[in-house]
Amino acid sequence: MGNPRGFLDTPREKEQENAPSDRIRSFREFSEPLPKERLEAQASRCMGCGIPFCHDGCPLGNLIPEWNDLVYRGRMDEAKARLAETNNFPEVTGRICPAPCEASCVLNIEGSPVTIKSVERAIASVADLAPRRAETRSGKTVGVIGSGPAGLACAQELARKGHEVTLYERDDRIGGLLRYGIPDFKMEKGILDRRMEQMAAEGVTFRAGMDIGGAVDVRDLRKEHDALVLATGARVPRDLPIPGRDLSGVHFAMEFLERQNRIVAEGNTEATEKPTGTFNRSSVHELSAYGKRVLVIGGGDTGSDCIGTSIRQGALEVLNVELMPKPPLVRMPENPWPEWPLVLRTSSSHEEGAQRDFAVLTKAFIGKDGRLTAARFVRVEFVGGKLREIAGSEEEHACDLVLLAMGFTGPVQEPFAGALGLTLDARGNFVTDGEGRTNADGIFAAGDNVRGQSLVVWAIADGRRVANGVDRALRAG
């Protein structure tokens, strides 16, 4: 048992129990726009670009050079109007999007792109949310199932086109993974609430707590509307079926993140960060990281969110392991600009105190009396594109809480696929055409349940695309 020094890239840092860390980021740090001088200076850097490759990088097709120029000139009202033409929720993407636009920026050839995301966030911070009501109503009704970014964007666009839209959500609050998957320290949920007020004024009806396929038959719902849009996301988590998986203390990442977000939503401070940065001992729970040695398996955004939340909850230590080798710090020749840079990404959560290790395969979870006590690892290497374990590299790492953050395998197919007779692709996603139509009459699908797990910016773009397809179908029929 234990934690051999040689297994980690760097020695583990020990923090005093309950001691606040000056590395912990607050929501304000993620939210505050740049000072005016720095903002205009960044926006001005965009003006020397001959070909705006950022357009190709942004799934939404944001008019980045245009609103950067307006920001540089101090014309923020015009900038926010231009941004709103393509992006329904810039206050969201300006916080949690990984900014593929910046990766495609011409100045990123030298590794110093325009900070497009910070400019977008600044524009969003001054945007008024006056409703954009349709001048005429179509008399058609659309039901949108799922209130994540694809469902929200689709519902808003359809309402603005004059249709009567009802947005159905299984959870008790609207927002999907934006509500219960994103930690508050990255995106405060009042942002969603303000957009919901705008959307309600535009004609969207919200119905939370609707278990479509359970208490509510989706076929009955189809009869109530002229069209249905499935925007249910890709919510099936990738599991790790190894010995010890059933031990108490091994959980999917979303179980952990959702519990924390629900506590915050309900105004319960037992499991939230105190103003002093300390943590209430009474909040110790199966899904609490307080006083525990936490192991996060998976290195994406979800894993990063688990790390930041664990640190705020008062974890004794946090280790993040990934199966793939450690990426390079800079682009390699085989990964030229403007391709997505395959480099090491370090989030603010990583900087707050987590240790990271790469090329590590988790072989088993070890426990005592049904309770997790350690994880068994082995180092791996990739030879000829195949994974190979390195003989003699086995180690055990003591841990009390394991969070599986290895992504999602696809959408929850039932009851939709069976009840509606939907065609699925080889990966289990709903098959649609370019307009978002499935093979079932009047049924459309948008977002991750069509394209697989992806970025919030892709979900918004897909919601907008499918809204246009629904609108054309309703007006033609």
So residue 360, is it in contact with a Pro (Cβ under 6 Å, 6 or more places away or on another chain), in the same structural domain as residue 300 (by TED's automatic domain parsing) and either free of Cβ contacts under 8 Å to residues at least 40 places away in the same chain or small (Gly, Ala, Ser) (or both): no
For residue 350, all conditions in the list (1) assigned to a helix (DSSP H, G or I); (2) in contact with a His (Cβ under 8 Å, 6 or more places away or on another chain) hold save one; what is the number of the exception? (2)
Just one listed residue, out of 250, 218, is assigned by TED's automatic domain parsing to the domain that holds residue 169 and either at negative phi or in contact with an Asp or Glu (Cβ under 9 Å, 6 or more places away or on another chain) (or both), and it is 218
From the list 444, 416, which one is more than 30 Å from residue 373 (Cβ to Cβ), of a type in the set (Phe, Trp, Tyr) and modelled with pLDDT under 95? 416
Selection within the stretch 224-254 - more than 15 Å from the chain's Cα centre (by Cα) and either at pLDDT below 95 or over 29 Å from residue 446 (Cα atoms) (or both): 241, 242, 243, 244, 245, 246, 247, 248, 249, 250
Residues that are touching a helix residue (DSSP H, G or I) at 6+ places or on another chain (Cβ under 6 Å) and hydrophobic (A, V, I, L, M, F, W, C), drawn from the stretch 231-255: 231, 234, 253
Got a sec? Which of 203, 139, 209, 190 is crowded, with 17+ Cβ neighbours inside 10 Å and either of a type outside the set (D, E, K, R) or in contact with a His (Cβ under 8 Å, 6 or more places away or on another chain) (or both)? 203
Within 23 Å of the chain's Cα centre (by Cα) and farther than 30 Å from residue 38 by Cα: does that describe residue 164? no
Which residue pairs have Cβ atoms under 7 Å apart, sit 6 or more places apart or on different chains, and have a first residue in the stretch 75-95 that is free of Cβ contacts under 8 Å to residues at least 24 places away in the same chain and more than 18 Å from residue 455 (Cβ to Cβ) and a second that is surrounded by fewer than 16 Cβ atoms within 10 Å (Cβ to Cβ) and of a type in the set (Val, Ile, Thr)? none
Given the condition assigned to a loop (DSSP other than H, G, I, E, B), closer than 19 Å to residue 257 by Cα and without any contact (Cβ under 8 Å) to a residue 12 or more places away in the chain, answer yes or no: does some residue in the stretch 284-305 qualify? yes
Filtering the stretch 363-379 for residues that are touching a residue at least 24 places away in the same chain (Cβ under 8 Å) and in a strand (DSSP E or B) leaves a count of 11
Helices (runs of 4 or more DSSP H) enclosed by the stretch 32-77 - at least 3 residues per element that are charged (D, E, K, R): 36-45
Matching helices (runs of 4 or more DSSP H) fully within the stretch 391-477 where at least 1 residues are of a type in the set (S, T, N, Q), assigned by TED's automatic domain parsing to the domain that holds residue 224 and in contact with a strand residue (DSSP E or B) (Cβ under 7 Å, 6 or more places away or on another chain): 448-451
Taking the condition within 30 Å of residue 472 (Cβ to Cβ), of a type in the set (A, V, I, L, M, F, W, C), in contact with a Phe, Trp or Tyr (Cβ under 6 Å, 6 or more places away or on another chain) and touching a residue at least 12 places away in the same chain (Cβ under 8 Å), does residue 109 pass? no
Filter the stretch 216-253 for residues that are surrounded by fewer than 16 Cβ atoms within 10 Å (Cβ to Cβ) and among the acidic types (Asp, Glu) and give the result. 217, 220, 224, 239, 246
Could you check the stretch 97-127 and list, in sequence order, the residues that are surrounded by fewer than 21 Cβ atoms within 10 Å (Cβ to Cβ), part of a loop (DSSP other than H, G, I, E, B) and of a type in the set (Gly, Ala, Ser)? 111, 112, 127
From the options 462, 471, residue that is acidic (Asp, Glu), under 21 Å from the mean Cα position of the chain (by Cα) and modelled with pLDDT of 95 or more: 462
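The values are calculated or read from the model by the stated rules, or taken from the named source; none is laboratory data. It should be emphasised that the depicted structure is a prediction, and the values quoted were computed from it without experimental measurement. Note that we place each Cβ from the backbone using ideal geometry, even for glycine, and neighbour counts take in every protein chain shown.
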